[in-house]
Amino acid sequence: MNKKPRLVFVWNYLSWGGAQVYFLAIMKLAKDDWNIIVHLPKGSSPEMIGYLTQLGIEYKLVDRHLNLDNVSGLGEKIGRQMNRIKVEYQMFRDLLKYDVRDTVFQIETAPWQSIAFLSAMSARGAKVFLTLHNFLPEAPGWRKSVWKARLRYVSYLRGINFFTSNVDTKKRLRGLVNDRFWDRIRVTSTAVNPPQIDEALAVPFDRSATLKRFGINAQDFIVLAVGQFIDRKGRWVFLDAARKIRESLSDVTFVWLTPQLPTADEEKKIESYGLGDKLRIVHSPTVGRERVDVLSFFRIADVFTLPSYVEGLPIALLEAMALGRPSISTNVYAIPEAVKHLQTGILIEAGDADSLAEWILKLHDDPELRAKLGAAGREFVIKNFDERDAAATAIAQYTEALGRPTNVEQH
């Protein structure tokens, strides 16, 4: 009997989100045929640890992690870069213990920033896969030029492979990596788990009791956002739209479900919007320990919105649509792959709080449009974004990298 190959997942930051949900989908499908181990930092979310434990996935907690906070001063920037070097050096040392002949590494890192680490892994003969969820972040022109040169260099490294989690990101990579490398890139879409979605819709759910538990008027019209409460997710646009709506309606409450609560400084800014009890920021661990608990919470929403500035294809948006919530999001990057304006949802321009408020009001007043968009969005996502298909594509590429026959079926 052949020995099981090893699949090592690595990320080096404390927060978790769509990337980890994407990895969990692969783990679920691969765990019977692969020995899986996850490397993640000490201090990681108990939620994330809980999900790994539920799946029976072995994990190792490492000492160092990246600092993803915004920094401004030159000294802080140098300090963050030095910390990155130390984190990646430790990561390389930790991964030295694995036999590269029967191991695949799925590593969450930005290839344009981790060039030394990836060069070292390539020189060692490792089979490394990186998933790019969106295109290069905003940066000065000179820095983007450096990043593009690094991307092209990485595309020539032996054993380094890319996935993209949406079509938009792959298209944007054309010309930035060599042509042969680009042809090998597979799209392993951010996607939902249809059986889990159906379970979340089927479990008993007392909407009124849930709203009352979080101090929300059970009769209110609920606008829900889910994800990290950060600038690129459009948090202040969300609050600005809420403030505009409060001027004309008193029965709308805005809820943001997040894995990390705002800081004290952020709380002060939130208070300046004067939303009072018409805004609730809910810490996701208080909703429940299981993924189905979090998904069931989406059922409080009359409308879902994610007014992001920068996104790949956000898992929370896909889950909301799959759960039949009429959804509003922004016309950026890969979001239009799922949200077709006035067909499967509503698209607005990033940063446009007026438009967000306008569409929330229209949906508030038009239950037929809400029902139409909710049903069409659900059908489109369930049909086109099944995580089992994305996971099967990834596993087939892992298997091919080890020179083994592939036998994972797609749904």
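Regarding V128, is this residue under 24 Å from the mean Cα position of the chain (by Cα) and more than 27 Å from I335 (Cβ to Cβ)?
Working: under 24 Å from the mean Cα position of the chain (by Cα): yes; more than 27 Å from I335 (Cβ to Cβ): yes.
Yes; evaluated as a whole, the condition is true for this residue.
Considering every residue within region 93-102, establish whether at least one is in contact with a Lys or Arg (Cβ under 7 Å, 6 or more places away or on another chain), under 19 Å from L24 (Cβ atoms) and part of a helix (DSSP H, G or I).
No: zero hits.
Only one residue in W112, W142 is under 25 Å from R232 (Cβ atoms) and assigned to a loop (DSSP other than H, G, I, E, B), so which one is that?
Working: W142 fails: assigned to a loop (DSSP other than H, G, I, E, B).
Step by step, each of W112, W142 is checked, and only W112 is under 25 Å from R232 (Cβ atoms) and assigned to a loop (DSSP other than H, G, I, E, B).
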Practice prompt. Determine which single condition F229 fails, assuming it passes every other condition in (1) in a loop (DSSP other than H, G, I, E, B); (2) under 27 Å from A350 (Cα atoms); (3) more than 24 Å from the chain's Cα centre (by Cα).
Written response: (3)
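Out of curiosity, is R101 of a type in the set (D, E, K, R) and at pLDDT 90 or above?
Details: of a type in the set (D, E, K, R): yes; at pLDDT 90 or above: yes.
For R101, the condition - of a type in the set (D, E, K, R) and at pLDDT 90 or above - is met.
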Worksheet entry | Residue, farthest from K268 (Cα to Cα), within region 236-257, restricted to residues that are in a helix (DSSP H, G or I) and among the aromatic types (F, W, Y) | F238
Item to complete: Answer yes or no as to whether E290 is surrounded by fewer than 21 Cβ atoms within 10 Å (Cβ to Cβ) and out of contact with any strand residue (DSSP E or B) (no Cβ under 8 Å at 6 or more places or on another chain).
Response: yes
Worksheet item: Counting only residues that are in a loop (DSSP other than H, G, I, E, B) and among the polar types (S, T, N, Q), which one in region 170-224 is farthest from T305 (Cα to Cα)?
Response: N178
Worksheet item: Are there any pairs, at least 6 apart or on different chains, whose C-beta atoms fall under 6 Å, with the first in region 376-399 and among the aromatic types (F, W, Y) and the second part of a helix (DSSP H, G or I) and surrounded by 21 or more Cβ atoms within 10 Å (Cβ to Cβ), and if so, which?
Response: F385/L318
Worksheet item: Which members of region 258-280 meet the condition of being farther than 16 Å from D220 by Cβ and either in contact (Cβ under 8 Å) with a residue 60 or more places away in the chain or assigned to a strand (DSSP E or B) (or both)?
Response: T258, P259, Q260
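Filter region 1-46 down to the residues that are of a type in the set (S, T, N, Q), closer than 14 Å to I57 by Cβ and part of a loop (DSSP other than H, G, I, E, B) and list them by number. Outline the logic, then answer.
The initial filter retains those residues of region 1-46 that are of a type in the set (S, T, N, Q), namely 2, 12, 15, 20, 35, 44-45.
Now restrict to residues that are closer than 14 Å to I57 by Cβ: 20, 35, 44.
Within region 1-46, just S44 meets the criteria.
How about region 135-152: which of its residues are touching a residue at least 60 places away in the same chain (Cβ under 8 Å) and more than 22 Å from F163 (Cβ to Cβ)? Lay out the reasoning, then the answer.
Taking region 135-152 as the starting set, the residues that turn out to be touching a residue at least 60 places away in the same chain (Cβ under 8 Å) are 135, 137-138.
Once the filter is applied, which keeps residues that are touching a residue at least 60 places away in the same chain (Cβ under 8 Å) and more than 22 Å from F163 (Cβ to Cβ), region 135-152 yields only E138.
One line per residue, one yes/no per condition, for (1) at pLDDT 90 or above; (2) surrounded by 12 or more Cβ atoms within 10 Å (Cβ to Cβ); (3) closer than 30 Å to H283 by Cβ:
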| residue | (1), (2), (3) |
| --- | --- |
| S44 | yes, yes, yes |
| L52 | yes, yes, yes |
| K77 | no, no, no |
| F92 | yes, yes, no |
| S114 | yes, yes, no |
| F117 | yes, yes, no |
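Give the residues of region 234-249 that are over 22 Å from the mean Cα position of the chain (by Cα) and in contact (Cβ under 8 Å) with a residue 24 or more places away in the chain, sorted by residue number.
D240, A241, A242, R243, K244, I245, R246, S248, L249
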Worksheet item: Of the conditions (1) among the polar types (S, T, N, Q); (2) crowded, with 22+ Cβ neighbours inside 10 Å; (3) closer than 17 Å to Q397 by Cα, T169 fails just one. Which one is it?
Response: (3)
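Pick from T103, T131, T109: which is touching a residue at least 40 places away in the same chain (Cβ under 8 Å), within 16 Å of V177 (Cα to Cα), buried (at least 17 other Cβ atoms within 10 Å of the Cβ) and among the polar types (S, T, N, Q)? I'd like the intermediate steps shown before the answer.
On the way: T103 fails: within 16 Å of V177 (Cα to Cα); T109 fails: within 16 Å of V177 (Cα to Cα).
Only one candidate passes the filter, namely T131.
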Item to complete: Test Y59 against the stated conditions and say whether it is aromatic (F, W, Y), out of contact with any Gly (no Cβ under 9 Å at 6 or more places or on another chain), assigned to a strand (DSSP E or B) and not assigned by TED's automatic domain parsing to the domain that holds P259.
Response: yes
Worksheet item: Which numbered condition trips up A241, out of (1) surrounded by fewer than 21 Cβ atoms within 10 Å (Cβ to Cβ); (2) of a type outside the set (V, I, T); (3) under 22 Å from H364 (Cα atoms)?
Response: (1)
Worksheet, complete the sentence: Of the residues in region 115-139, those that are part of a loop (DSSP other than H, G, I, E, B) and either of a type in the set (G, A, S) or not assigned by TED's automatic domain parsing to the domain that holds K170 (or both) come to G125, A126, A139
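The values are calculated or read from the model by the stated rules, or taken from the named source; none is laboratory data. On a predicted model such as this, the values are computed, not experimentally measured, just so you know. Please note: Cβ atoms are built from the backbone with ideal geometry, for glycine as well, and neighbour counts cover all protein chains shown.
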